[in-house]
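The values are calculated or read from the model by the stated rules, or taken from the named source; none is laboratory data. Note that the structure is predicted; figures quoted are calculated from it, not measured. Here the Cβ positions follow ideal geometry from the backbone for every residue, glycine too, while neighbour counts run over all protein chains shown.
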Amino acid sequence: MSWQAGYEESVRQLRALTALATDRAGAMRSANDRLGGVRIESWSPQRDVKVVIDSTGLIQDVEFTEAATRSSPLALNLSLMRAHDDALRRLAAQVEEIAADELGDSPELREQLQGTYRNGLPARIFDAPPE
């Protein structure tokens, strides 16, 4: 192969890599935009506490019903924890869905996004929910 042909092949490969990187960056932006809009509401099993979380899993709002005023502090704490854990489980499922939709053709980026959430959320979230 002549130096000219080698040069042209190198330029072609660089253009292909640039196009691939541009496509993947666009897919990550799209996934990030979708994640940025995530707000999940979840009620405790007794429906005395509702929590709202964002895409980071942080509680953005808590609402207590009249029934919560009749609960002991321990029962209220458990209700809050269960509602938050349920919201985190739903967040993890939504992340999986967004990653599959937006990053389906990029397994390494999809796995990185999913792994970030798996490592950032409490391990109990990925266990079976309590009865």
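Let me confirm something: among 108, 63, which residue is surrounded by fewer than 16 Cβ atoms within 10 Å (Cβ to Cβ) and either at pLDDT 95 or above or in contact with a Cys (Cβ under 9 Å, 6 or more places away or on another chain) (or both)?
Details: 108 fails: either at pLDDT 95 or above or in contact with a Cys (Cβ under 9 Å, 6 or more places away or on another chain) (or both).
Result of the check over 108, 63: 63.
May I ask you to say which residue of 27, 75, 19 is in contact with a Leu (Cβ under 6 Å, 6 or more places away or on another chain) and either part of a helix (DSSP H, G or I) or surrounded by fewer than 16 Cβ atoms within 10 Å (Cβ to Cβ) (or both)? Please lay out each step first, then the result.
Values: 75 fails: in contact with a Leu (Cβ under 6 Å, 6 or more places away or on another chain); 19 fails: in contact with a Leu (Cβ under 6 Å, 6 or more places away or on another chain).
Going through 27, 75, 19 in turn, just one is in contact with a Leu (Cβ under 6 Å, 6 or more places away or on another chain) and either part of a helix (DSSP H, G or I) or surrounded by fewer than 16 Cβ atoms within 10 Å (Cβ to Cβ) (or both): 27.
Looking at (1) acidic (Asp, Glu); (2) over 11 Å from the mean Cα position of the chain (by Cα); (3) at pLDDT 95 or above, find the lone condition where residue 54 falls short.
It fails just one condition, (2).
The rows are residues; the columns are (1) at pLDDT 90 or above; (2) over 27 Å from residue 125 (Cα atoms); (3) within 26 Å of the chain's Cα centre (by Cα); (4) of a type in the set (A, V, I, L, M).
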{"residue": "16", "(1), (2), (3), (4)": "yes, yes, no, yes"}
{"residue": "26", "(1), (2), (3), (4)": "yes, yes, yes, no"}
{"residue": "37", "(1), (2), (3), (4)": "yes, no, yes, no"}
{"residue": "45", "(1), (2), (3), (4)": "yes, no, yes, no"}
{"residue": "82", "(1), (2), (3), (4)": "yes, no, yes, no"}
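For residue 48, indicate whether it is over 30 Å from residue 115 (Cα atoms) and surrounded by 15 or more Cβ atoms within 10 Å (Cβ to Cβ). Steps first, please.
Values: over 30 Å from residue 115 (Cα atoms): yes; surrounded by 15 or more Cβ atoms within 10 Å (Cβ to Cβ): yes.
Considered against the rule, which asks whether it is over 30 Å from residue 115 (Cα atoms) and surrounded by 15 or more Cβ atoms within 10 Å (Cβ to Cβ), residue 48 comes out as yes.
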